[in-house]
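Encoded as structure tokens, the structure appears first; notes follow it.
Since every read-out is calculated from the coordinates, none of them should be taken as a lab result. Fair warning: this is a prediction, and the values are worked out from it, not measured in the lab. Cβ: placed from backbone, ideal geometry, glycine included. Neighbour counts: every protein chain shown.
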């Protein structure tokens, strides 16, 4: 009989012996230390779902940190987690995190990284009691992809996080240089049948908005209503087709204001649109992200205004594949810009693969086509290598053609004591990839990284978990700006209890910009801590020699200063206040101030229960002299079944006039997830 999810272990299904999941071992920030708190795990299944239960012992249950908040927003709490490699292919794993109040966080882990933007349907419950806390999880078989039959095998491992100790443990042990695919154990099910998957999500949206220039009268309100639908269909037990017509891409969570003055490269904003988020990590190329010039090879926010979309994802034996196609009507109303993306990976071992990626962007006879091959390999527990090679062929609207090569390779070596990394990348001046978030081309660049990790005696210094001195060295040849770059950055990291951390570093070097070489440097101090269950504080200070990029004809050097502070207040389990303040300025060598910018982001949320919240946001940007106000009422029963109502207003000032409202809008959205 299926258990009732109520945070209690009084169901018959949990009366048996727990799994032999003993001897949990720490993996962050400590490595290889025995668990300080005992955890027991049960697992069960029927023809509808998999079930998990956790008994998390804590001698001080009053100090357990838990909140009632929206999905994917409880990372600072205590939590337990499941990593489920349902196909046992070593390429895709479902990660499910649950705090002691039963609030969910989830992510899809692929061989190329972990993507926390995805949401799928599963159920959970949690409760704090006199022994610690209990968490129960139900994973519907419809929500995961696996090959059904007799003797079904999946990979599974478990995690636990204690926020006040600032330590995470896992079972089985996750050794340095390993991740879930190399560490999980087999979970065997006598017989499981993959249910037919058919989901339909009809949606309705309505919006009304007005916009005007400062001082002008309000124009007539523009109203718009739309109906749309998304469909998910399981073609086979391991292959899923997603399609959408007239998709609703309203961004319930607005992009937070950031300092955008004097930025050499565009600001990266994450994808937040549901259709694109799911499975997005499958399109990543090995070696992208982090300190790579190519942040990601497929940045779906390049598809600005699609009218339809089709996506296919699945596995077959050792192969994992994905396909995405969408026409974008943002360029003009009469012609579409067509995006087509294909991806395939072949598993060569747990967390290892060789793969290929093709992208094609077409518009009125112009095109950008890219073919790429990549691999991610490991040697033993400590050594890894990731590499990608790309070729692009492009033609402009005027008929001009160009082509180019891009390549990148990263090598890493990790033990409990040592982290070493080496990275090399090259992009021809003719390389172009319209689907990517790529900062620049005409560049050959390398960086080297080395870090030592020391773990102080916990009996003598229980508040200090890890000390890690490091050094980072970068060198680049920039053929577009006709010069080179060099930067050396030594530093020191500390990890403390209460999720505390501190980083101090100093960097020095030079950078070439539009043919001029400038001195660049920085002093950087960054830290944060969960001082109380209700108070998290952090901030950073950065200053040094920099470049004024906003004048590309006549750039000049100077001094910059940046200060940032953030405070998260959680006076009770339902109410939260988030305050972020950033100040930055730039002065010429003579001392003349070129600019100074203040950015403030305020967010206040009241979560009545796990489904219903009210949220108010205020954002201020002094450089653009604008204030954004945003109010949202949101009800989410499960991902797909939601009701949102929001109102936003933008105030601006021009030529020293008082702030006036220049835009205001109301929107309403409702959708319903139907499973058949």
- The value for the stretch 494-610 (convex hull of the alpha-carbon atoms, volume per residue, Å³) is 137 Å³
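Ranked highest first by average number of other Cβ atoms within 10 Å, how do 37-49, 281-293, 324-336 line up?
Values: 37-49: 17.1, 281-293: 21.5, 324-336: 15.0.
The most tightly packed comes first, giving 281-293, 37-49, 324-336.
Against the empirical 2.2 N^0.38 Å scaling, what ratio does the C-alpha Rg of the stretch 310-393 come to?
Values: Rg = 16.4 Å, N = 84, 2.2 N^0.38 = 11.8 Å.
Its radius of gyration relative to the 2.2 N^0.38 Å reference: 1.38.
At 0.36 nm per residue, minus the direct Cα-Cα distance, what do residue 310 and residue 517 gain on full extension? Give it in nm, one decimal, please. Don't skip to the answer; put the middle values down first.
Numbers: separation 207, 0.36 × 207 = 74.52 nm, distance 4.74 nm.
The span from residue 310 to residue 517 would gain 69.8 nm if fully extended.
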- Roughly what would the spin-label model give for residue 475 and residue 674, points 7 Å off Cα along C-beta, in nm? 6.4 nm
- A student applying the Cα gyration tensor rule (rounded when a/c is under 1.5; otherwise prolate if a/b is larger than b/c, oblate if not) would label the stretch 150-297 oblate
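Could you sort 654-661, 577-584 so that the peptide with the highest average Cβ count within 10 Å comes first and the rest follow in order? Walk me through the numbers before you get to the answer.
Values: 654-661: 11.1, 577-584: 17.1.
Packing order, densest peptide first, comes out as 577-584, 654-661.
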- Message: Stokes-Einstein diffusion coefficient for the stretch 1-51 at 4 °C in a medium of 1.567 mPa s, Rh from the Kirkwood formula over Cα pairs: what value in µm²/s?
- Response: 98 µm²/s
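Given the stretch 359-401, what whole percent of its Cα pairs are spread farther than 13 Å? Please report the intermediate quantities before stating the final value.
Numbers: 585 of 903 pairs.
Counting every Cα pair in the stretch 359-401, those more than 13 Å apart make up 65 percent.
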- Query: Hey, fewest Cβ within 10 Å first, where do 122, 169 land in order?
  - Reply: 122, 169
- Message: Can you tell me, using C-alpha contacts under 8 Å and at least 6 residues apart, the relative contact order of the chain as a whole percent?
- Response: 10 percent
- Task: With runs of 4+ DSSP H residues as the only contributors, calculate the mean residue ellipticity of the chain at 222 nm using -39,500 (n - 2.57) per run, divided by the residue total and rounded to the nearest 500.
- Result: 0 deg cm²/dmol
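Can you sort 15, 270 so the residue with the fewest Cβ neighbours within 10 Å comes first?
Numbers: 15 9, 270 14.
If I rank by nearby Cβ atoms, fewest first, I get 15, 270.
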- Query: Which shape class, rounded, prolate or oblate, goes with the stretch 12-192 when its Cα gyration tensor gives a ≥ b ≥ c as root eigenvalues, a/c under 1.5 marks rounded, and past that a/b bigger than b/c marks prolate?
  - Reply: rounded
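Based on the Cα atoms of the stretch 357-501, what semi-axes does the equivalent ellipsoid have, where each is the square root of 5 times one gyration tensor eigenvalue, given in whole Å with the largest first? Working shown, then result.
Working: eigenvalues 337, 58, 40 Å².
In descending order the semi-axes read 41, 17, 14 Å.
Which FRET efficiency value, to the nearest 0.05, is calculated for residue 655 and residue 405 with the Förster distance at 41 angstrom and r the Cβ-Cβ distance? Walk me through the intermediate numbers first.
On the way: r = 49 Å, r/R0 = 1.20.
Efficiency computed from Cβ-Cβ geometry: 0.25.
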- According to the square roots a ≥ b ≥ c of the eigenvalues of the Cα gyration tensor, what is the shape class of the stretch 547-676, taking rounded for a/c under 1.5, prolate for a/b larger than b/c otherwise, and oblate for the remainder? prolate
- Just grab the label-to-label distance for residue 291 and residue 2, each label 7 Å out from Cα along the Cβ direction, in nm (one decimal). 4.9 nm
- Message: I want to make sure I understand the PRE zone here: with the label point 7 angstrom from the Cα of residue 191 toward its beta carbon, which residues in the stretch 1-37 have backbone N atoms less than 20 Å away?
- Response: 1-2
- Put a dot 7 Å past each Cα toward the Cβ at residue 391 and residue 318; how far apart are the dots in nm? 2.5 nm
- Quick note on 402, 459, 311, 4, ordering by fewest other C-beta atoms within 10 Å, gives 459, 4, 402, 311
- Mean projected area, convex hull of alpha-carbon positions in the stretch 95-202, reported to one decimal in nm², is 9.4 nm²
- Query: Whole-Å semi-axes of the stretch 442-569's equivalent ellipsoid, largest first, each the root of 5 times a Cα gyration tensor eigenvalue?
  - Reply: 35, 19, 10
- Task: Could you work out the Rg to Rh ratio of the stretch 21-100, with Rh taken as the Kirkwood radius (inverse of the mean 1/r over all Cα pairs)?
- Result: 0.98
- Task: Two decimals is fine: what is log10 I(q)/I(0) at q = 0.07, 0.09 Å⁻¹ for the chain, from a Debye sum with one equal scatterer on every Cα and no solvent?
- Result: -0.51, -0.89
